Amino acid sequence: MKFLLAVLIIVAGATVAPDAQHARLFDPRQLGELEGPDRVAWQRPDRIMDELGIAEGSIVADLGAGGGWFTVRLAERVGPNGLVYAEDIQQEMLEAIRRRVQRVGFQNRVVLKLGTAIDPRLPPRALDAALIVDAYHELEQPVPLLKNLAASLKADGRLGIVNAKKDGGGPGPPMEQRIDAERVIRDAERAGLKLQSRGDFLRYQYFLMFVRATP
């Protein structure tokens, strides 16, 4: 999923480029670029999880999970009684996550999901929270995807969307690929979600939190 979330991918001894039909997708061969030593400082994952109310025992989803940078942090937060669905539409990314969670011993807390451009294929009304970090600009059909995602949220479930600001500089996709927050809000409303809050605590990104318009 992303300007986002990573680790070097090797499949059958060769690197694999993104599907030509999905030109926006982050190239798995460049995953290492997403995990600079300063990412924790500017990404503030703990603050994002706090805003979404993610706690021990929560059931959450990381959409466009990439190499699993955020996935493992979610898994640590929810603990052994929680569950993280790590979703991506590139199998190479899921293989990277599989290896990562095995290394840190979180394989029993993480379920890998191969989604599609319009459906993350998550169980209905199961999620306390879902998160899309640094991947919104890659979505080819955001409204149907968000509509399907909304159906997977519990009545009080929250969706957090974090993406690079158009005027934020810093790490992220090229400026011409960035999507402003108002566009995301309009897409979400069309998908049956409503904006609950927005945060300005990130230096280079905006944070938007949505809930279902009809619980």
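The values are calculated or read from the model by the stated rules, or taken from the named source; none is laboratory data. Everything numeric in this text was worked out from a predicted model, so none of it was measured. As a convention, Cβ positions derive from the backbone with ideal geometry for all residues, glycine included, and neighbour counts pool all protein chains shown. Heavy atoms of the whole protein, side chains included, go into the accessibility calculation; ligands, DNA and RNA do not. Shrake-Rupley method; radii C 1.70, N 1.55, O 1.52, S 1.80 Å.
Listing for the model above:
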| quantity | calculated |
| --- | --- |
| Residue in the range 189-215 that is least open to solvent (accessible area, probe 1.4 Å), counting only those that are in a loop (DSSP other than H, G, I, E, B) and under 14 Å from GLY157 (Cα atoms) | GLY192 |
| First in the range 161-177 and farther than 22 Å from VAL143 by Cβ, second anywhere and among the small types (Gly, Ala, Ser), Cβ under 6 Å, 6 or more apart | GLY172/ALA164 |
| Selection count where residues are of a type in the set (Ser, Thr, Tyr) and at pLDDT below 95, scope the range 54-105 | 0 |
| Lone unmet requirement of (1) under 22 Å from GLY199 (Cα atoms); (2) surrounded by fewer than 20 Cβ atoms within 10 Å (Cβ to Cβ); (3) modelled with pLDDT under 95 for GLU33 | (1) |
